[in-house]
Each structure stands twice: as C-alpha cells, then as structure tokens.
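Here is the structure we will look at.
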Amino acid sequence: MFENLSKRLEGIFNNLGGQGKLTEDDVNAALREVRLALIEADVNLKVARQFVERVKEKAIGANVMGSLSPAQQVLSIVNEELVEVLGGAEGKNRLDLGGTPPQVIMLVGLQGSGKTTSAAKLANYLRKQGQRPLLVAADMYRPAAVNQLKALGRQLTIPVYSEPTGADPVDICVNSLAYAREQACSVVILDTAGRLNIDERMMNEVINIRQRLQPREVLLVADAMTGQEAVRVADDFNKAVSLTGMILTKMDGDARGGAALSIRTVTGVPVKFMGVGEKTDALEPFYPDRLASRILGMGDVLSLIERAQESIDEEEALKAQQKLQQGKFDLEDFLNSMRQLKRMGPLRNVMEMLPGFNKLAAMPEMEEALEGDQLKYVEAMILSMTKEERRNPDIMNGSRRKRIARGSGTTVQEVNQLLDQFNEMRTMMRQMSTGKGPWAQMARQFGGGAGIPGMPSMPALPGAGRSGGGGKKTGKAVRKEKRKQQKSKSRGGKR
C-alpha cells in the first residue's frame, strides 16, 4: 500500500545523503518534496502541512546542521514524527480487556468494509492470545450476513450466537451476554449492521447497543482503500458512539495509504489492527513505529520474527539447521522449508519487512519472481522427483531431469536452475555454519548472518521469467538465459 510513498521518500533522503553538510535551503527543498509525496499519497492536506512544519522546526537546528551525518538526523526526525502521526505511544493502540469477563467488543462500520470477516479475524487473533471469544450475529438487514458469520465460526471452531430473522438487534446483543456466561466465554464480539451510507436509523441502533451493553471497546472497521472517505466516516462514527479504536482493512491493497496516515490526527481515534489479506489469520496489531519504519524503507524485522514464530515449527527448523551443519540437507528438507515459508503469507509481504526491500524490488529478476507464484513451480518440480532423487540430488542425470521437467510442466533449464541453486544454498549454509569460506566471511562482514530465528532458508525461484511471471525481461536477462540454455544442453548430453 505504501510502495509509492516509500520510493519517493527513499529518493528524497538519498539525495540529502549526497549533500554532505546540509544548508537550510537543502532542508527546505527536501521537506517540500516530502509534503508533495504525502499529498500524492492521499494524506489529509492539513496533516501533511503540520507534519512538515514540525519536522522543519526540529531539522533546522544546530544539532542537525552541525552533525557529521545530517541526512540521517533528518531521517530520524521524520521517523519520529511519522510514528507520532500514526498513533504515537504503543499503549494507546492495544485492546483494553481488563475487568470481569465477558468483556464486549463492538464492531461498527459501513457495508463492504469487511466488518463480518474482521469479526472472525479478531476472534481468531484473541483465541491465540488465550481468550475464549463468542461471535454475535447482530446484522439482521444484510442478506446472508448471519450465515456468513456462522460459516466463519464453523471454519474456526468458534461459537456464534444468533437469533431468528426479524429479531431486534439490540435484544440479540443483550441476550448474547447471558449465553456467553453460560459458555464461559471471556470476550463477546458484536457484528452490528452497516449501511451503504451513514443514516439515522443505523446510528440510532448502534447508539442503543452501546448504551445497553457498555462495551469495553468500540472499533470502527474502515476500508483503507477508500482514502479520505474513511477519515470522514471515522469522524462521524466517533461523534455518535465515541470510538475507542479502528480496524483498517485491505492494507495489503494497492491504494495510496493516506487514510492510515490521516485518521489518528484528524479524529484522535487510534488504529488498533490492520487487515492484510482475506484469510482468517490475516489480521495484525497496528504498531505505529513498525509501520513508520516500513514506510521509510527500514523494514520491520520484529513483525517478521513474530510471523516466523507463529508459522514455523521450531522443532522442524532446528532439525533442518542440524542437517545443514552436517551436510545432510536434501530436497525433502528444502520442500518442507519452502512450505513453512509459504505459511508466512505471500512472498512479497514477507520480503517487504526486510530492510532495503525497495532496492531489491527494483531489480527486474526480483520483480518477476515476486509477481508470479514461483514457489508452486519449485514445489511441482520437487514432487515430480522420486524419494531417492529428493534425498540424493547428486544422482540426477539428463534423462531424470527431462522426466522431472515433463512431470512438473516446466523445462529442463528450470530443473537445472533449481538443482544449481539448491547446491549453492547448501554450500553457502555449510560454510556459514562452520565459519569457513567466502560466504562465512561475507556473513561476518555484514553483521553475523545469523538470519531470523526459526525462519527457513529462502527457496530459490527458478522460472521467474516464465510467461505470466509479471515483467518484461531486460536484454541482459535474455542473454543470460541463452547462456544457461546452452549450458543445460551440454550438461544434458554429458549426463
């Protein structure tokens, strides 16, 4: 969502970094570009102006102008202000579920914002935190709303409270509390009705529910892709029911992201969660500092570690690490590592959390690899091998490679590429584990190379340039591929 803004800001700070010692004119010119970048990202005009003024006030000072790395100082100030705009202190962005259970979380919002799905995602998230959630179907106006919530509840094995068509939504919510106590549920999540637009009837209904149940949290579910309209909706709901927080959905989309940067300042309502996909586990706590770091191209390693720990079996990862150190890592282990990586979500989303991702994404080969689902081709090739071939890749000859290519719907060249990259990875990891060789030296030079705890090695991505992969090949890439084809032909003939 923030890709364009990140690229613009990165370019601005790269230019500043080349200046050496900064003058006031340099800072003014850079901040003018920052303001334009924010406005292009659909940030509220008043918010963008205030942001730049605060940065300018701190940046044009003796500490920055006289420092050895003034560009880094300005970047640090922009980072601080961006964190403040997004929500400031972390405590304000956490759910408050203290007190006697069951605690009530009330979700409000317009139709189409993803309210029902967000209710299920939130229930799933809270269950992982040790809570016992109950979902309540209080939207009696939208066709199939109750059935949708029941289906999500069955999928997650989370109880759903509902009443027959025609029941009063306020009564449903009140009755659900007694049911929650009977079932020993600790949190009740109310999925209230929405409309295509804000109207008096909907507002009166949510106001009545709020007054009767006194929920601990009132969260607005807003579509981040609607831009400044989401800010207006948040302001209207906040005036009516005193919101305690927000869930921004579709944060994995390609919209400009200005709503996320404007809502906190304009409405005073903190964003507490963001939806980053359609699956029921695609809900993340909103951390202003981490998102600011990601926008400025500095990555989000903490979130990456948390996602790895949730998705990856630690015991399996340790076994794979031991096999690597012993030189016994084979293609079956490689396939398991790749599947664990896939559980962390789309490859682009994972890579975006790495520092300097924008520079990597600019490479034509990387762009092609990230656009298509190249991991499925790797999986198809490995599954087309016999158990003996997966456990001992060194026995591969020309006829075996041709058979694997036919069975997986790929080419011999792609099979060769997979095997070459696997061997390179195995050599690299062996050298890093023993502390010897060029790869180990490089790891020491760049800070240890320990990687992310529990995270499997990044699989190779052969076939990134196949048709439909998502990008036009450069002349250099074409020449490189021709050389590989000639190499694979000679290899096939020899073996």
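The values are calculated or read from the model by the stated rules, or taken from the named source; none is laboratory data. Bear in mind that the values here come from a model prediction, so they are computed numbers and not experimental data. A quick note on method: Cβ atoms are made from the backbone with ideal geometry, for glycine too, and the neighbour counts reach across all protein chains shown. Keep in mind that these areas ignore ligands, DNA and RNA; they rest on the heavy atoms of the full protein, side chains included. Shrake-Rupley method; radii C 1.70, N 1.55, O 1.52, S 1.80 Å.
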Yes or no: region 224-242 includes at least one residue that is part of a loop (DSSP other than H, G, I, E, B), touching a residue at least 40 places away in the same chain (Cβ under 8 Å) and surrounded by 24 or more Cβ atoms within 10 Å (Cβ to Cβ). no
What residue, among those in region 171-220 that are among the small types (Gly, Ala, Ser) and not in a loop (DSSP other than H, G, I, E, B), is nearest to ASP236 (Cα to Cα)? SER176
Only one of (1) of a type in the set (Asp, Glu); (2) open to solvent by 30 Å² or more (accessible area, probe 1.4 Å); (3) modelled with pLDDT of 80 or more is not met by GLU90, so which one is it? (3)
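Quick check, is VAL83 modelled with pLDDT of 80 or more, of a type outside the set (Ser, Thr, Tyr), part of a helix (DSSP H, G or I) and open to solvent by 20 Å² or more (accessible area, probe 1.4 Å)?
yes
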Verdict on LEU196 being at negative phi, open to solvent by 20 Å² or more (accessible area, probe 1.4 Å), more than 33 Å from the chain's Cα centre (by Cα) and of a type in the set (A, V, I, L, M): no
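Would you tally the residues in region 243-262 being of a type outside the set (Val, Ile, Thr), modelled with pLDDT of 85 or more and open to solvent by 10 Å² or more (accessible area, probe 1.4 Å)? Before the answer, list the steps.
As a first pass, look at region 243-262 and keep what is of a type outside the set (Val, Ile, Thr): 243, 245-246, 248, 250-262.
Checking the rest, the ones that are also modelled with pLDDT of 85 or more come to 243, 245-246, 248.
Now restrict to residues that are open to solvent by 10 Å² or more (accessible area, probe 1.4 Å): 243.
Selection size over region 243-262: 1.
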Considering only residues that are within 21 Å of LEU82 (Cα to Cα), open to solvent by 40 Å² or more (accessible area, probe 1.4 Å) and at pLDDT below 75, which ones fall in region 280-309? ARG294, MET298, VAL301, LEU302
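For region 159-177, how many residues are small (Gly, Ala, Ser) and open to solvent by 50 Å² or more (accessible area, probe 1.4 Å)?
Final tally of qualifying residues: 1.
Residue-wise test of (1) hydrophobic (A, V, I, L, M, F, W, C); (2) modelled with pLDDT of 75 or more.
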site	(1), (2)
LYS7	no, no
ASN15	no, no
GLY20	no, no
GLU24	no, yes
GLU33	no, yes
VAL47	yes, yes
LYS58	no, yes
Does VAL43 count as at pLDDT 80 or above, within 19 Å of LEU291 (Cβ to Cβ), open to solvent by less than 40 Å² (accessible area, probe 1.4 Å) and of a type outside the set (Gly, Ala, Ser)? yes
Of LEU122, LEU126, which residue is surrounded by 14 or more Cβ atoms within 10 Å (Cβ to Cβ), at pLDDT 90 or above, in contact with a Phe, Trp or Tyr (Cβ under 8 Å, 6 or more places away or on another chain) and assigned to a helix (DSSP H, G or I)? LEU122
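Sort through LEU152, LEU107, LEU75, LEU95 and tell me the only one that's open to solvent by less than 10 Å² (accessible area, probe 1.4 Å) and either touching a residue at least 12 places away in the same chain (Cβ under 8 Å) or within 29 Å of MET202 (Cα to Cα) (or both). Reasoning before the result, please.
Details: LEU152 fails: open to solvent by less than 10 Å² (accessible area, probe 1.4 Å); LEU75 fails: open to solvent by less than 10 Å² (accessible area, probe 1.4 Å); LEU95 fails: open to solvent by less than 10 Å² (accessible area, probe 1.4 Å).
Sole residue among the options that is open to solvent by less than 10 Å² (accessible area, probe 1.4 Å) and either touching a residue at least 12 places away in the same chain (Cβ under 8 Å) or within 29 Å of MET202 (Cα to Cα) (or both): LEU107.
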State all residues of region 396-429 that are touching a Lys or Arg at 6+ places or on another chain (Cβ under 9 Å), touching a residue at least 40 places away in the same chain (Cβ under 8 Å) and within 17 Å of ASP333 (Cβ to Cβ); if no residue qualifies, say none. MET396
Is it the case that region 258-269 has a residue that's in contact with a strand residue (DSSP E or B) (Cβ under 8 Å, 6 or more places away or on another chain) and either of a type in the set (Ser, Thr, Tyr) or not in a helix (DSSP H, G or I) (or both)? yes
Could you tell me whether any residue of region 214-228 is modelled with pLDDT of 85 or more, more than 29 Å from LEU82 (Cβ to Cβ) and not polar (S, T, N, Q)? yes
